[in-house]
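The values are calculated or read from the model by the stated rules, or taken from the named source; none is laboratory data. Remember, it's a predicted structure, so these values are computed and weren't measured experimentally. For neighbour counting, all protein chains shown are included, and Cβ atoms are generated from backbone atoms with ideal geometry for every residue, glycine included. Heads up: the accessible areas ignore ligands, DNA and RNA and are worked out on the full protein's heavy atoms, side chains in. Shrake-Rupley method; radii C 1.70, N 1.55, O 1.52, S 1.80 Å.
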Amino acid sequence: MDLFEYQGKSLFARVGVPVPDGRLAVSPSEARNAADAIGGAVVVKAQVQVGGRGKAGGIKVAESPNAAEEAASQILGMDIKGHTVHSVWVEEASEIAAEYYASFTLDRSAKKHLAMVSAQGGVDIEGVAESDPEAVVKLHVDPVVGLADWQARELVYRAKLEPTAARKAAAALKKLYGAFVALDCDLVEVNPLILTGSGDIVALDSKVSLDSNAFFRHPDFGEFEAAFHHDPIEAKAKERDLNFIKLDGSVGIVGNGAGLVMSTLDVVDLVGGSASNFLDVGGGAGADTIANALETLTHDDTVKSVLINIFGGITRCDLVAQGIIDALERLELPWPIVVRLDGTNAEEGRALLAQAGEKNLIPAATMREAAVRAVELAGGA
Ligand code: GDP
Ligand code: MN
């Protein structure tokens with residue numbers, strides 16, 4: 001689970017890594033008040049769960065509360081790589097003497113933690129790693145032993161950070177690593193980790209990803225998730241134990257099992273269409289689940305046709321067919337539904353659908369045929 005920058009920074013502050021003083025704002029006037037309270041120049045930063053905000057225009061320096069209000073009005077509502085900006089973080093502007101990069105991740109193949117440090121931070125680190133691999137220093141950390149003091153110093157030394165920054169940078173690395181482990185993170189990345197004019201090390205950005213499997217150990221992390229902007233249809237689906245993800249095409253997809261749903265998305269794409277969502281009804285789905293899935297899709301007006309792709313294992317195709325028929329009786333379904341059933345009781349399922357005699361139900365024998373029909377019915381490729 002990826003945190004917002006300000007949430008990651010609150011974790012940094014908790015473990016003693018310096019971060020600038022800041023406040024969250026969801027409107028331009030709140031941004032103005034925040035700037036007023038902080039005093040002096042501030043930086044207004046879009047809060048989205050994706051990087052590269054600077055380049056996208058999502059980060060602006062403001063010299064006055066007026067300018068902060070103006071910057072916030074430009075940034076709020078902005079779309080950054082498909083993420084809408086619902087809030088901005090207003091923080092005191094920092095004087096930057098140098099921009100570094102630091103991160104901790106898990107290197108699964110080495111079965112160790114991986115620390116990376118570079119003196120060339122602030123920019124896209126993948127680019128640096130490509131053009132000048134030497135500039136990104138890597139060090140494996142044994143998770144049983146942890147990051148030793150000498151390793152933190154070695155990272156700083158080999159990455160050639162300013163000697164004046166060395167002691168504080170090594171201390172910050174130790175604290176960040178401590179947070180990475182104690183908070184069950186998949187990733188802790190600071191880009192840039194800056195050296196200020198007065199010689200302090202400050203985390204100016206944060207990219208923290210928490211391992212959701214460890215949430216039971218951190219009840220307070222629920223607050224982070226509560227702050228995320230949930231798509232209303234996704235929330236409705238979640239209440240019904242359906243795994244729904246909104247996409248931007250026009251063919252609604254319903255399938256059982258994540259693998260089958262993903263291959264269905266691929267086949268729709270292959271025949272020139274695009275999926276409007278990912279909806280996995282799970283293994284063992286019965287009539288109610290299918291009816292719920294179809295009801296969920298009625299709330300999404302980008303759907304132009306629906307493709308139901310079921311491979312019966314534990315799930316019985318006749319029950320799925322019954323669910324589709326029930327949904328058609330109960331609900332006003334505004335789109336044609338292409339159905340492909342295979343596996344357990346597929347014959348029986350197809351017979352039920354044929355008996356229903358609904359003109360909006362289109363049987364398909366194969367996945368490809370189903371995809372071609374659904375794309376045609378959605379208005380073509
Ligand atoms: P990202 O583009 O999403 O990674 O956002 P960052 O938080 O890393 O900000 C991008 C860049 O904006 C940084 O590398 C800095 O160069 C600049 N920036 C951010 N905060 C400040 C600040 O307080 N003062 C100054 N001068 N520049 C800043
Ligand atoms: Mn950054």
- Query: How many residues does segment 75-95 contain that are within 12 Å of ligand 1 (Cβ to nearest atom), in a strand (DSSP E or B) and either exposed (fewer than 15 other Cβ atoms within 10 Å of the Cβ) or not aliphatic (A, V, I, L, M) (or both)?
  - Reply: 4
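Collect the residues in segment 26-64 that are on the phi > 0 side of the Ramachandran plot and more than 12 Å from ligand 2 (Cβ to nearest atom), keeping them in residue-number order.
If the condition is that a residue be on the phi > 0 side of the Ramachandran plot and more than 12 Å from ligand 2 (Cβ to nearest atom), then G39, G40, G57 are the ones that fit.
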- Message: Name the single residue that is least open to solvent (accessible area, probe 1.4 Å) among those in segment 159-192 being in a strand (DSSP E or B) and more than 19 Å from D149 (Cα to Cα).
- Response: V190
- Note on the structure: Of (1) open to solvent by less than 40 Å² (accessible area, probe 1.4 Å); (2) modelled with pLDDT of 95 or more; (3) under 24 Å from the mean Cα position of the chain (by Cα), I125 fails just (2)
- Scan segment 1-17 residue by residue and report those that are open to solvent by 60 Å² or more (accessible area, probe 1.4 Å) and either within 13 Å of ligand 1 (Cβ to nearest atom) or within 15 Å of Q47 (Cβ to Cβ) (or both). D2
- Message: When you check D288 against the structure, is it more than 17 Å from D231 (Cα to Cα) and without any contact (Cβ under 8 Å) to a residue 12 or more places away in the chain, yes or no?
- Response: no
- Going by the conditions given, is Q74 more than 15 Å from ligand 2 (Cβ to nearest atom) and of a type outside the set (G, A, S)? yes
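Which residue is nearest to ligand 1 (Cβ to nearest atom), if the candidates are limited to segment 23-71 and must be farther than 25 Å from K207 by Cα and buried (at least 18 other Cβ atoms within 10 Å of the Cβ)?
Taking the candidates together, the pick is A67.
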- Query: Looking at (1) on the phi > 0 side of the Ramachandran plot; (2) within 13 Å of ligand 1 (Cβ to nearest atom); (3) of a type in the set (D, E, K, R), which is the one condition that is false for K207?
  - Reply: (1)
- Task: Could you list, in sequence order, all residues of segment 196-247 that are of a type in the set (G, A, S), within 20 Å of the chain's Cα centre (by Cα) and open to solvent by 50 Å² or more (accessible area, probe 1.4 Å)?
- Result: S212, A226
- Message: Restricting to segment 248-258, count the residues that are open to solvent by 30 Å² or more (accessible area, probe 1.4 Å) and over 30 Å from G77 (Cβ atoms).
- Response: 1
- Note on the structure: Scanning segment 334-379 residue by residue, those touching a Leu at 6+ places or on another chain (Cβ under 7 Å), closer than 14 Å to V251 by Cα and without any contact (Cβ under 8 Å) to a residue 40 or more places away in the chain turn out to be V338, V339
- If the Cβ limit is 7 Å and pairs must be 6+ apart or interchain, which residue in segment 82-96 that is under 15 Å from A56 (Cβ atoms) and within 16 Å of ligand 2 (Cβ to nearest atom) pairs with which residue that is among the small types (G, A, S) and open to solvent by 40 Å² or more (accessible area, probe 1.4 Å)? V85/G77
- Task: Could you tell me whether L155 is modelled with pLDDT of 95 or more, part of a helix (DSSP H, G or I) and hydrophobic (A, V, I, L, M, F, W, C)?
- Result: yes
